[in-house]
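First up is the structure itself, then whatever we jot down about it.
The values are calculated or read from the model by the stated rules, or taken from the named source; none is laboratory data. Please read these numbers as outputs of a predicted model, since none were measured by experiment. We place every Cβ from the backbone using ideal geometry, glycine too, and count neighbours over all the protein chains shown. All accessible areas refer to the heavy atoms of the entire protein, side chains included, with ligands and DNA or RNA removed. Shrake-Rupley method; radii C 1.70, N 1.55, O 1.52, S 1.80 Å.
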Amino acid sequence: MAGDAVIEARGLTKRYGANLAVDHVDLEVAAGEIVGILGPNGSGKTTTILMLLGLTEPTSGQAIVAGFDPLRDPLEVKRRVGYLPDQIGFYENMSARDNLAYTGRLAGLTRREIDERFEAALDRVGLGHVAHARVTTYSQGMRQRLGLAEILMKRPSVAVLDEPTTALDPHSTQEFLDMIRGLKADGTAVLLSSHHLDQVQSVCDRVALFNRGRLALSGTVTELAARVLGGGYVIDVEARGDKVPELLAEIPGVVRVQPLGGDRYRVDGQRDLRAAIARHLAERVELTGIYYATPSLNEVYARYFQEARDEIE
């Protein structure tokens, strides 16, 4: 395992009677790395997170989080891990400041540490001006920000975020994603569980794709695209002429050609084929544009699970 890994899981398994919820999962996350945890409901991702947090006991296997075993040292893990669940709760009639002070004491922070940290945490998430307002006056988006401030107060080694942007409008979502990038800049390892695949792609260094209790795929979006789509390089081509898709398909290394409408085509390739495409089309059609495009996590996800369903049927 890498020397700077702060999450290490080997053979992590969880059974509920005859149901195998998590099946021998190996996972490693380094300091300052953002890893997206993806998969449909019931795929095992939430149970895996609960085992990493020490909130449920593994049937077999082991996890080390921030240097401690969540099973043997759950309190030490909780002190070093910040957790933002999808349904976040605070004491409604207490102020944001008092809520943070209370959870700070539970995390083992001294009064001085709490006094030193709470203002900076609230300012960082844009709530400094309402620090003394009761949480009952907060919108859902403000509560999400307060949950992130609670994590920042702890200065954790690991942050686990479960659907953190679900209740946010587009502008607030972008601000929240920037805050997640700020955790990475702090050196915090981040596990992000979300169904918003475009958001996962925009902030995550790697993606871990769960299916039927197993960690089915792990890697960058480009690496997953190479495995699932057959090509990790996506090139958009604009060209006018006869039989453009057929001409593109002739090029060695082209895996798939997809018409995008009008004179635009998307090419999945095994490598960067822009020069080869330009040479092959130059004298045959009118080539008006050729661009490298980022592989789509949405497309990777949809294709993988379609093929998984086809195998079962």
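What the table shows:
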item	result
Inter-residue pairs, beta-carbon under 9 Å, first open to solvent by less than 70 Å² (accessible area, probe 1.4 Å) and in region 104-129, second aromatic (F, W, Y), 6+ apart	G104/F118; V125/F176; L127/Y138
From E246, E238, E250, residue being open to solvent by 50 Å² or more (accessible area, probe 1.4 Å) and closer than 30 Å to V200 by Cα	E238
Subset of region 291-313 that is over 21 Å from V237 (Cβ atoms), open to solvent by less than 50 Å² (accessible area, probe 1.4 Å) and among the aliphatic types (A, V, I, L, M) - its residue that is modelled with the lowest pLDDT	A308
Enumeration of residues in region 9-28 that are under 19 Å from L209 (Cβ atoms) and either hydroxyl-bearing (S, T, Y) or open to solvent by 90 Å² or more (accessible area, probe 1.4 Å) (or both)	R10, T13, H24
Selection within region 84-103 - of a type in the set (S, T, Y) and open to solvent by 50 Å² or more (accessible area, probe 1.4 Å)	Y91, Y102
Yes/no for G232 being at positive phi, touching a residue at least 12 places away in the same chain (Cβ under 8 Å) and surrounded by 14 or more Cβ atoms within 10 Å (Cβ to Cβ)	no
Qualifying positions in region 267-290 - open to solvent by 60 Å² or more (accessible area, probe 1.4 Å) and under 12 Å from A239 (Cα atoms)	A282, E283, R284, E286, T288
Every pair of residues 6+ apart whose Cβ atoms lie under 6 Å, when the first sits in region 162-191 and is under 12 Å from Q144 (Cα atoms) and assigned to a loop (DSSP other than H, G, I, E, B) while the second is at pLDDT below 90 and open to solvent by less than 70 Å² (accessible area, probe 1.4 Å)	L168/G141
Qualifying residue in region 162-185 (condition: open to solvent by less than 50 Å² (accessible area, probe 1.4 Å), among the polar types (S, T, N, Q) and in contact with a strand residue (DSSP E or B) (Cβ under 8 Å, 6 or more places away or on another chain))	no
Selected residue (criterion: least open to solvent (accessible area, probe 1.4 Å)) from residues of region 192-229 that are in a strand (DSSP E or B) and of a type in the set (S, T, Y)	S193
Count of residues meeting criterion [open to solvent by 10 Å² or more (accessible area, probe 1.4 Å), in contact with a Ser or Thr (Cβ under 9 Å, 6 or more places away or on another chain) and closer than 19 Å to P156 by Cα] in region 34-56	2
Matching residues, region 275-290, being assigned to a strand (DSSP E or B) and either among the charged types (D, E, K, R) or over 9 Å from G241 (Cβ atoms) (or both)	E286, T288, G289, I290
Region 48-67: number of residues that are over 19 Å from R212 (Cα atoms) and among the aliphatic types (A, V, I, L, M)	6
Qualifying position, being over 30 Å from I34 (Cβ atoms) and touching a strand residue (DSSP E or B) at 6+ places or on another chain (Cβ under 9 Å), among L281, L273, L224, L297	L281
Those residues of region 57-79 which are more than 12 Å from A9 (Cα to Cα) and crowded, with 19+ Cβ neighbours inside 10 Å, in sequence order	V77, K78
Among the residues listed as L55, L75, L27, the single one being among the aliphatic types (A, V, I, L, M), free of Cβ contacts under 8 Å to residues at least 40 places away in the same chain and outside any helix (DSSP H, G or I)	L55
